[in-house]
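Engineer: Quick one: the structure is below, questions incoming.
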Amino acid sequence: MTKEFTPDPVFHSDADNKFVADEYTPLGKEVFIKAGEDMSDKGYKEGTLAGAIRMKMRRDNKRFWAGDNISDYLHDSDKENLIDEATIAFEKVLDTLLIDRENDPNSKGTARRLAKMYFNEIMAGRYEQAPDATAFPNDSTDRYEGMLVVRSELRSMCSHHHQPVAGVAYIGIIAANKLIGLSKYTRIAQWCARRGTLQEELCNDIAREISKATDSENVAVYVQAVHGCCENRGIMAHSSLTQTTVLKGTFKDDPHTKKEFFDNIKLQQEFAPR
Ligand SMILES: [Zn+2]
């Protein structure tokens, strides 16, 4: 049996960057990438928008793993076009799974639903800019110097199996010169979570972004979550719980601060068991 193989212009190009132009222009479903001078047709190379964006990220050495935010590489209008491209790709997946998407009423439109769900919901944190977290000064004589612990509900997805991850993050900080609104902690945590993640990385990402938004180096994040990939498949462990902790600054160095953080988590859990 002979197999038709169409090389991806990005990943199978023998001359790297040969086709790369400075800008890509989204033009609806089809995108035309300006060809380099050495292209034989001296014209435009037809491709997908996703291909053009991948090419640009590769050229910039921009990492685009499932847990990375790539919003700097998207124009506002790109998402709708990418959803169109992903719909076609999901249709192919359903066809390969031998699902009759023409006649099965429940599978009609599934490809598009999947495409929209990935871009607008379960992976939205990859394509959206960081939430706007307006900071308020905390520099008066009676400034708040205590610990703040915020409990944030999380929904995420494991990048290995694309199975849901559900849990909570407890975010602790020692207030620095900036304070952000309480809901912003959860918005930042959810922005980090709505990607393909590993729980260990997610915990690190939340700590880093909270530190950035608050200018505090004293940050702690404790995440506990259940993973669909352990519950619905594989070991089918229905009560497994994964816990991860990242401690920075005084949370790491001072045992009293660390204890206060975990005592606060216990109080939170008494208040609202998950
Ligand atoms: Zn998994």
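The values are calculated or read from the model by the stated rules, or taken from the named source; none is laboratory data. Nothing here was measured: the structure is a model prediction, and the numbers come from that model. Here the Cβ is made from the backbone with ideal geometry for all residues, glycine too, and neighbour counts use every protein chain on show. These area figures cover heavy atoms from the full protein model, side chains too; ligands, DNA and RNA do not enter into them. Shrake-Rupley method; radii C 1.70, N 1.55, O 1.52, S 1.80 Å.
Engineer: Taking region 158-171 on its own, how many of its residues are within 16 Å of the ligand (Cβ to nearest atom) and surrounded by 19 or more Cβ atoms within 10 Å (Cβ to Cβ)? First the steps, then the outcome.
Structural biologist: Of all residues in region 158-171, those within 16 Å of the ligand (Cβ to nearest atom) come to 158-167.
From what's left, surrounded by 19 or more Cβ atoms within 10 Å (Cβ to Cβ): 158, 165, 167.
Residues meeting the conditions: 3.
Engineer: Of the residues 155, 143, which is within 16 Å of the ligand (Cβ to nearest atom) and either open to solvent by less than 20 Å² (accessible area, probe 1.4 Å) or not small (Gly, Ala, Ser) (or both)? First the steps, then the outcome.
Structural biologist: On the way: 143 fails: within 16 Å of the ligand (Cβ to nearest atom).
From the options 155, 143, the qualifying one is 155.
Engineer: Just a yes or no: is a residue in region 261-273 open to solvent by 90 Å² or more (accessible area, probe 1.4 Å), within 16 Å of the ligand (Cβ to nearest atom) and assigned to a loop (DSSP other than H, G, I, E, B)? I'd like the intermediate steps shown before the answer.
Structural biologist: First pass over region 261-273, keeping only residues open to solvent by 90 Å² or more (accessible area, probe 1.4 Å): 266-267, 270-271, 273.
Applying the additional criterion that residues be within 16 Å of the ligand (Cβ to nearest atom) yields none.
No, there is no match, as no residue in region 261-273 is open to solvent by 90 Å² or more (accessible area, probe 1.4 Å), within 16 Å of the ligand (Cβ to nearest atom) and assigned to a loop (DSSP other than H, G, I, E, B).
Engineer: State which residue is least open to solvent (accessible area, probe 1.4 Å) when the search covers only region 224-260 and only residues that are within 15 Å of the ligand (Cβ to nearest atom) and either assigned to a helix (DSSP H, G or I) or among the polar types (S, T, N, Q) (or both).
Structural biologist: 228
Engineer: Follow-up. Which residue, of 88, 53, is at pLDDT 50 or above, outside any loop (DSSP other than H, G, I, E, B) and under 20 Å from the mean Cα position of the chain (by Cα)? Break it down stepwise before answering.
Structural biologist: Details: 88 fails: under 20 Å from the mean Cα position of the chain (by Cα).
Criteria check complete, one pass: 53.
Engineer: Let me ask something else. Looking at (1) β-branched (Val, Ile, Thr); (2) in contact (Cβ under 8 Å) with a residue 60 or more places away in the chain; (3) open to solvent by 50 Å² or more (accessible area, probe 1.4 Å), can you tell me which one residue 174 breaks?
Structural biologist: All conditions pass for residue 174, except number (3).
Engineer: Which of the residues belonging to region 206-222 are among the hydroxyl-bearing types (Ser, Thr, Tyr) and in contact with a Ser or Thr (Cβ under 7 Å, 6 or more places away or on another chain)?
Structural biologist: Applying the first criterion (among the hydroxyl-bearing types (Ser, Thr, Tyr)) to region 206-222 yields 211, 214, 216, 222.
Listed by number, the list holds a single entry, 222.
Engineer: Only one of 182, 148 is under 18 Å from residue 220 (Cβ atoms), among the aliphatic types (A, V, I, L, M), in contact (Cβ under 8 Å) with a residue 24 or more places away in the chain and surrounded by fewer than 16 Cβ atoms within 10 Å (Cβ to Cβ). Can you tell me which? Please lay out each step first, then the result.
Structural biologist: On the way: 148 fails: surrounded by fewer than 16 Cβ atoms within 10 Å (Cβ to Cβ).
Among 182, 148, only 182 is under 18 Å from residue 220 (Cβ atoms), among the aliphatic types (A, V, I, L, M), in contact (Cβ under 8 Å) with a residue 24 or more places away in the chain and surrounded by fewer than 16 Cβ atoms within 10 Å (Cβ to Cβ).
Engineer: Does residue 101 satisfy being assigned to a loop (DSSP other than H, G, I, E, B) and more than 17 Å from the chain's Cα centre (by Cα)?
Structural biologist: The answer is yes for residue 101.
Engineer: Checking residue 96 against (1) among the β-branched types (Val, Ile, Thr); (2) more than 27 Å from residue 212 (Cβ to Cβ); (3) in contact (Cβ under 8 Å) with a residue 24 or more places away in the chain; (4) surrounded by fewer than 17 Cβ atoms within 10 Å (Cβ to Cβ), only one condition comes out false. Which one?
Structural biologist: Result: residue 96 fails condition (3) only.
Engineer: Tally time: how many residues in region 189-202 are open to solvent by less than 10 Å² (accessible area, probe 1.4 Å) and more than 16 Å from the ligand (Cβ to nearest atom)?
Structural biologist: 2
Engineer: Let me ask something additional. Determine, yes or no, whether residue 216 is assigned to a helix (DSSP H, G or I), over 16 Å from residue 154 (Cα atoms) and touching a residue at least 12 places away in the same chain (Cβ under 8 Å).
Structural biologist: Working: assigned to a helix (DSSP H, G or I): no; over 16 Å from residue 154 (Cα atoms): yes; touching a residue at least 12 places away in the same chain (Cβ under 8 Å): yes.
Spelling it out, it is not the case that residue 216 is assigned to a helix (DSSP H, G or I), over 16 Å from residue 154 (Cα atoms) and touching a residue at least 12 places away in the same chain (Cβ under 8 Å).
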